[in-house]
Amino acid sequence: MGYGNGTGFPLSSRTQILEEQDFKEEDFGLFQLAGQRCIDEGHIDQLLEVIQNEKNKLCNPKELLLGLLELIEEPSGKQISQIILLLLQPLQTVIQKLHSNKSYSVGLALSTIWSQLSLLPVPYSKEQIQADDYGLCQCCKALIEFTKPFVKEVTDDKENSLENQRLKDELLKFCFKSLKCPLLTAQFLEQSEEAENDPLRSFASEIIGFLSAIGYPFPKMIFNHGKKKRTWDYLEFEEEEDKQFADSLASLAYLVFVQGISIDQLPMVLSPSYLLQFNMGHIEVFLQRTEESVFSKGLDLLENSLLRMEDNSLLHQYLEIKSFLTVPQGLVKVMTLCPDETLRKKGLAMLQLYINKLDSQGKYTLFRCLLNTSNHSGVEAFIIQNIKNQIDTSLKRTHNNKWFTGPQLISLLDLVLFLPEGAETDLLQNSDRIMASLNLLRYLVIKDNENDNQVSEFFEKETLQRLEEVPAVILKPEVHSQALTTPHPASLPFPIGSNIPKYHFHASYHKNYHT
């Protein structure tokens with residue numbers, strides 16, 4: 001290598017002449033400066049030649065490692081990927097020359113590279129993936145090749161030494177980080193023929209393969225997440241890393257169940273309700289995020305899980321699990337607060353699908369929950385319409401459904417047939433709910449006439465009196481006319497209303513890619 005100390009003395013000659021113990025601090029600085037010049041002027045092959053040449057007594061492989069990592073940490077913007085692509089091979093060579101504490105060096109290198117890659121915007125469209133302006137896709141491919149030798153070291157070590165376990169832990173950390181960034185927000189090409197050429201999907205497939213190779217097959221991880229006592233050991237993460245762990249497992253569940261990556265590794269004996277139960281925690285994680293690219297994956301994972309089940313087959317006991325109530329509440333947020341109409345409609349469709357899968361008592365419990373928590377007239381109207389449909393189904397059956405007839409129905413109607421703020425209720429703002437309630441009342445009256453007062457038999461005397469006391473203002477013709485002819489701010493598909501608390505959904509991955 002022709003770069004030296006300014007006198008023309010080649011650095012490669014100096015590293016060959018000096019013994020390792022004779023290296024001084026200025027020699028290491030000289031090498032780092034020359035290395036930077038090689039990178040700046042495109043002579044990376046000369047830098048690699050010096051590293052690989054056994055005649056060169058490099059100052060210290062560990063110091064050289066730190067020097068290369070400093071070079072990786074310095075750039076910003078589009079230069080990040082350029083430097084990483086240039087230095088990955090020399091970095092791999094240096095680490096492989098280490099004979100002790102290699103796991104620490106591998107972990108440090110992977111962490112440094114990942115930290116830089118996490119600064120790059122993730123491409124979200126076919127055009128952006130193909131253009132790869134920021135080089136993220138190229139880096140993901142190169143990073144897999146960089147990591148493979150270390151994965152092989154773990155799998156080849158049959159003695160499972162302490163150093164091997166430490167290396168395995170570092171690789172596991174890297175896989176978790178990759179599942180969160182870039183894979184948590186990554187969009188994948190849909191058509192099967194294009195999917196084969198999708199670099200982010202290929203990266204995901206390799207990461208899942210690494211997990212299995214180092215002894216952490218994804219079924220074992222997915223199905224033990226959230227249990228009080230785990231049947232597998234994993235790293236003790238700090239609080240922030242534990243949150244990352246939940247995001248990573250949610251991303252993994254999406255890749256397996258929705259994208260179908262390595263899904264053939266799942267046991268065929270798992271029931272649909274079992275799969276739904278363990279996916280609901282991951283769906284909850286997705287719906288807690290506000291990035292459209294992330295919570296939309298929660299909708300897809302929920303749809304994939306629910307479609308495996310028969311209608312009315314999801315037992316009400318599942319609602320005792322926290323996520324089985326927080327997920328539909330998350331869907332309400334998507335339906336009412338997401339700026340994207342397509343996603344709002346998808347959220348509505350998923351809530352209806354979820355309702356369809358619940359048994360009668362489950363539907364009843366969920367309706368009560370959402371009527372008490374949604375605080376949105378359009379959502380409440382949607383629930384009331386579902387209540388009407390369940391009553392209608394119950395009346396058509398030979399054996400009446402006790403949850404939508406008799407005393408249980410009376411209790412439910414107590415939540416439906418009232419004005420939220422009494423006489424001060426804003427009728428226009430609550431028009432969707434009011435009209436749905438009146439429609440339900442009208443239905444009950446018609447059904448009572450059709451069935452020779454059979455419907456009335458389900459109502460206790462005090463409840464009938466309460467129905468007669470429905471505020472007269474609701475029943476005025478002009479209110480009917482106003483409610484039917486005025487555009488409703490809370491109508492389906494639930495656009496954002498001015499009275500709704502702010503909950504900012506965003507699509508930052510769209511904006512950042514163009515900045």
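The values are calculated or read from the model by the stated rules, or taken from the named source; none is laboratory data. Predicted model only: the values in this text are computed from it and were never measured. For neighbour counting, all protein chains shown are included, and Cβ atoms are generated from backbone atoms with ideal geometry for every residue, glycine included. Please note that ligands, DNA and RNA were not included when accessible areas were found on the heavy atoms of the full protein model with its side chains. Shrake-Rupley method; radii C 1.70, N 1.55, O 1.52, S 1.80 Å.
The table below gives the values:
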{"read-out": "Index of the failed condition, residue 307 passing every other in (1) crowded, with 17+ Cβ neighbours inside 10 Å; (2) at pLDDT 95 or above; (3) closer than 29 Å to residue 212 by Cβ", "value": "(1)"}
{"read-out": "Hits in the range 93-123 (condition: open to solvent by 30 Å² or more (accessible area, probe 1.4 Å) and over 15 Å from residue 62 (Cβ atoms))", "value": "111, 114, 115, 118, 119"}
{"read-out": "Residue within the range 290-297 that is in a loop (DSSP other than H, G, I, E, B) and polar (S, T, N, Q) present", "value": "yes"}
{"read-out": "Some residue of the range 310-323 being closer than 21 Å to residue 208 by Cβ, open to solvent by 10 Å² or more (accessible area, probe 1.4 Å) and among the aromatic types (Phe, Trp, Tyr)", "value": "no"}
{"read-out": "Which listed residue is aliphatic (A, V, I, L, M), more than 20 Å from residue 343 (Cα to Cα) and open to solvent by 10 Å² or more (accessible area, probe 1.4 Å), from 269, 256", "value": "269"}
{"read-out": "Scope the range 100-119; condition outside any helix (DSSP H, G or I) and touching a Pro at 6+ places or on another chain (Cβ under 9 Å); matching residues", "value": "118"}
{"read-out": "Single residue of 414, 426, 392 found to be of a type in the set (D, E, K, R) and either closer than 17 Å to residue 355 by Cβ or surrounded by 19 or more Cβ atoms within 10 Å (Cβ to Cβ) (or both)", "value": "392"}
{"read-out": "Residues located in the range 335-370, provided they are touching a residue at least 60 places away in the same chain (Cβ under 8 Å) and β-branched (Val, Ile, Thr)", "value": "336"}
{"read-out": "Contacts under 9 angstrom Cβ, first residue in the range 267-292 being within 13 Å of residue 303 (Cα to Cα) and touching a residue at least 24 places away in the same chain (Cβ under 8 Å), partner of a type in the set (Asp, Glu) and not in a helix (DSSP H, G or I), 6 or more apart", "value": "272/310"}
{"read-out": "Options 148, 158, 126: the member that is of a type in the set (D, E, K, R), surrounded by fewer than 18 Cβ atoms within 10 Å (Cβ to Cβ) and closer than 17 Å to residue 188 by Cα", "value": "126"}
{"read-out": "The range 129-145 - residue that is assigned to a helix (DSSP H, G or I) and over 17 Å from residue 114 (Cα atoms) and, of those, least open to solvent (accessible area, probe 1.4 Å)", "value": "129"}
{"read-out": "Selected residue (only one of 356, 389, 430, 372 is modelled with pLDDT under 90 and either over 27 Å from the mean Cα position of the chain (by Cα) or not hydrophobic (A, V, I, L, M, F, W, C) (or both))", "value": "430"}
{"read-out": "Selection from the range 264-288 of residues that are out of contact with any Ser or Thr (no Cβ under 9 Å at 6 or more places or on another chain) and among the charged types (D, E, K, R)", "value": "264"}
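Residues checked against (1) over 17 Å from residue 123 (Cα atoms); (2) out of contact with any strand residue (DSSP E or B) (no Cβ under 9 Å at 6 or more places or on another chain); (3) at pLDDT 95 or above:
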residue	(1), (2), (3)
148	yes, yes, yes
155	yes, yes, no
158	yes, yes, no
166	yes, yes, no
174	yes, yes, yes
178	no, yes, yes
188	no, yes, no
195	no, yes, no
